[in-house]
Amino acid sequence: MPKSVEPFTIMAKPVGPRCNLACSYCYYLETGDMYGGELPPKMSDGFLETYIRQYMEASPGPVVSFIWHGGEPTLAGLDFYRKAVELQRRYLPPGWSCWNNLQTNGILLDDEWCSFLAETRFDVGLSIDGDKSTHDTYRRDRGGRGTHERVAQAARRLKAHGIRPDLLCTVTSTAAEDPVGVYRALRDLDTGWVQFIPIVRRDADGRVTPDSITPEGYGDFLCAVFDEWIRNDIGRLEIQQVAEMGLAWSGGSTNLCWMAPTCGRVLVVEQDGAVYSCDHFVTPEHRIGNIVTSSLAELVDSSVQRSFGESKRDRLPRQCRACAWIEVCNGGCPKDRFAITEDGEPGLNYLCDGLRQFFAHAEGRLRRIVELRRLGRKPAAIMAQLRAEAQARWRGVGRNDPCPCGSGRKAKHCCWDKRP
């Protein structure tokens with residue numbers, strides 16, 4: 001059986017788009033329409049074994065990463081995951097290790113679930129959109145009820161079992177109205193890690209939907225969150241995007257696919273064994289095969305999939321190639337590259353203006369944090385140093401002067417109200 005030369009990850013959808021919530025911004029629920037209601041309720045034991053065996057055989061190792069996603073993957077039931085862990089142990093080559101991540105809305109996570117996840121060392125990504133008001137605007141159950149308290153309780157239950165979940169927060173037009181409130185609600189759950197995921201959706205006519213974040217709103221959101229973090233929470237909480245930017249600016253390679261030069265190494269397998277190029281491209285034209293008739297190694301390294309991944313780099317507009325922040329953006333996610341550049345070239349990231357605003361706002365201080373960490377400074381000392389340096393930068397700056405954060409805007413239109 002051939003092996004892939006380069007590492008790759010499979011995102012498994014054991015119940016496909018089935019979910020016990022009806023989040024109004026969900027991009028995945030509609031993928032069930034292309035099957036015409038003919039999908040099985042969950043991945044069969046036979047498909048599960050074929051998937052795990054092929055994944056082990058195709059992986060270059062020595063770590064094999066399983067991501068269980070949805071829809072809502074807990075709808076497959078605990079016995080499904082007990083079976084999955086048993087099969088992983090059976091097929092795992094000697095000397096290798098296996099990592100599991102469950103991305104869930106948390107509604108079904110009782111003590112039995114949490115005990116299992118803790119015993120089998122699953123990492124958990126928990127979807128929660130900040131404070132109750134923002135979360136319950138979009139994340140409602142099938143009966144129309146808000147779900148914030150149930151999800152917050154799941155976070156507390158996971159922590160009681162020794163699991164600190166990654167918090168996955170979408171950034172909508174509603175979240176943009178109170179970025180600091182959203183951030184603080186997540187911080188106060190005290191899990192140590194937060195991901196902010198921008199919602200960008202388009203309707204049938206190609207227009208961006210009202211719940212989507214605007215470029216300006218996204219930039220303002222990230223800047224506000226960053227400022228709150230560097231003032232109060234370095235060492236207490238990591239923000240995925242900030243951590244990845246710091247990694248890039250310290251000479252490393254980013255782990256986020258949207259920040260990488262190419263993509264295509266995170267594929268999707270549905271409950272019927274169908275394999276797709278990406279979680280955001282589960283469409284008939286991006287179906288690259290099925291594990292029943294082809295091996296995962298053949299599919300992940302196929303010319304079709306390689307072309308999909310390399311097109312992210314090959315179709316990068318000139319404006320992006322000349323951008324000062326190319327190393328921490330690389331054009332962003334292909335799904336969002338539907339805007340037009342300043343010189344009329346297609347393929348610009350819709351969120352470009354907001355990202356550039358944030359990169360300019362954060363770069364100097366984040367590079368300084370990287371430097372201070374290399375010197376062995378503790379978090380409290382780093383925050384004190386940043387406060388002192390901020391006070392020095394603001395000396396003599398008037399309301400109409402350029403903001404010292406580097407955004408290019410006048411101080412009164414940028415960080416004037418946040419002066420130290």
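The values are calculated or read from the model by the stated rules, or taken from the named source; none is laboratory data. Computed from a predicted model, the values in this text were never measured in an experiment. Positions of Cβ are backbone-derived with ideal geometry, glycine not excepted, and every protein chain shown enters the neighbour counts. With ligands, DNA and RNA removed, areas are computed over all heavy atoms of the protein, side chains included. Shrake-Rupley method; radii C 1.70, N 1.55, O 1.52, S 1.80 Å.
Can you give the charge dipole size of the stretch 357-420 about its Cα centre, rounded to the nearest 20 debye, using +1 on the beta carbon of Lys and Arg and -1 on the beta carbon of Asp and Glu? Before the final figure, lay out the partial values.
Working: 16 positive and 5 negative charges, 25 e Å.
Approximately 120 debye in magnitude.
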**Request:** Run the accessible area of the stretch 321-392 with a 1.4 Å probe and give the carbon-and-sulfur part as a rounded percent.
**Result:** 53
**Prompt:** At residue 57 and residue 150, where each label point lies 7 Å from the Cα along Cα→Cβ, what is the point-to-point distance in nanometres?
**Reply:** 4.0
**Asked** What 222 nm value per residue comes from the helices of the chain, counting each DSSP H run with n ≥ 4 as -39,500 (n - 2.57) and dividing by all residues, nearest 500 deg cm²/dmol?
**Response** -11500 deg cm²/dmol
**Request:** Describe numerically, in nm with one decimal, the distance between label points set 7 Å from Cα along Cα→Cβ at residue 96 and at residue 24.
**Result:** 4.5
**Request:** Would you mind getting me the FRET efficiency between residue 232 and residue 82? Use the beta-carbon distance for r and R0 = 45 Å, nearest 0.05.
**Result:** 0.60
**In order through the stretch 10-19: 3J(HN,Hα) via Karplus (6.51 cos²θ - 1.76 cosθ + 1.60), integer Hz, x for Gly, Pro** = 10, 9, 8, 10, x, 10, x, x, 4, 8
**Message:** What's the ranking of 220-227, 245-252 by average number of surrounding C-beta atoms within 10 Å, highest first?
**Reply:** 220-227, 245-252
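Suppose every Lys and Arg Cβ carries +1 and every Asp and Glu Cβ carries -1, with no other charges. What dipole size does the stretch 162-217 come out with about its Cα centre, to the nearest 20 debye? All intermediate terms of the calculation are to be shown ahead of the outcome.
Numbers: 6 positive and 9 negative charges, 30 e Å.
It works out to roughly 140 debye.
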**Asked** How far, in degrees from 0 to 90, does helix 148-160 lean away from the longest principal axis of the Cα atoms of the chain, to the nearest 10?
**Response** 80
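Averaged per residue, what accessible surface does the chain expose to a 1.4 Å probe, in Å²? All intermediate terms of the calculation are to be shown ahead of the outcome.
Values: 18630 Å² over 420 residues.
So the chain comes to 44 Å² accessible per residue, rounded to a whole number.
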**Message:** Highest mean first, how do 98-109, 407-418 rank when packing is the count of other Cβ atoms within 10 Å averaged over residues?
**Reply:** 98-109, 407-418
**Prompt:** Could you give me the ³J(HN,Hα) list for the stretch 232-247, computed from phi with Karplus coefficients 6.51, -1.76, 1.60 and θ = phi - 60°, whole Hz, x at Gly and Pro?
**Reply:** 10, 10, 4, x, 9, 9, 10, 9, 3, 5, 5, 4, 5, 5, x, 4
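Quick one: net charge around residue 193, please, counting Lys, Arg +1 and Asp, Glu -1 for every other residue with C-beta under 15 Å from its C-beta.
Working: positive: 159, 164, 187, 236; negative: 123, 166, 188, 190, 233, 238, 244.
Net of charged neighbours comes to -3.
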**Cβ-derived FRET efficiency at R0 45 Å, residue 380 paired with residue 120, nearest 0.05** = 0.80
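Given charges of +1 on the Cβ of Lys and Arg and -1 on the Cβ of Asp and Glu, with all other atoms neutral, how large is the dipole of the stretch 102-195 about its Cα centre, in debye to the nearest 20?
Details: 13 positive and 15 negative charges, 13 e Å.
Result for the stretch 102-195 is approximately 60 debye, rounded to the nearest 20.
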**Item:** Residue-count net charge about residue 324 - beta-carbon cut-off 15 Å; Lys, Arg +1, Asp, Glu -1
**Value:** 0
**Request:** Could you sort 5-17, 266-278 so that the peptide with the highest average Cβ count within 10 Å comes first and the rest follow in order?
**Result:** 266-278, 5-17
**Item:** Projected label distance in nm at residue 313 and residue 345, using a 7 Å step from Cα toward the beta-carbon
**Value:** 1.7
**Asked** Projected onto the charge dipole of the stretch 133-203 (+1 at Lys/Arg Cβ, -1 at Asp/Glu Cβ, origin at the Cα centre), which of 163, 148, 200 gives the Cα projection farthest towards the positive end?
**Response** 163
**Request:** Could you work out how far helix 352-374 tilts from the main Cα principal axis of the chain, as a 0 to 90 degree angle to the nearest 10?
**Result:** 80
**Asked** Once Lys and Arg get +1 and Asp and Glu get -1 on their Cβ, which of 11, 65, 307 lies farthest toward the positive end of the dipole of the chain?
**Response** 65
**Request:** Could you point to the residue in 408, 376, 359 farthest towards the positive end of the stretch 343-420's charge dipole, with +1 and -1 charges on the Cβ of Lys/Arg and Asp/Glu respectively?
**Result:** 376
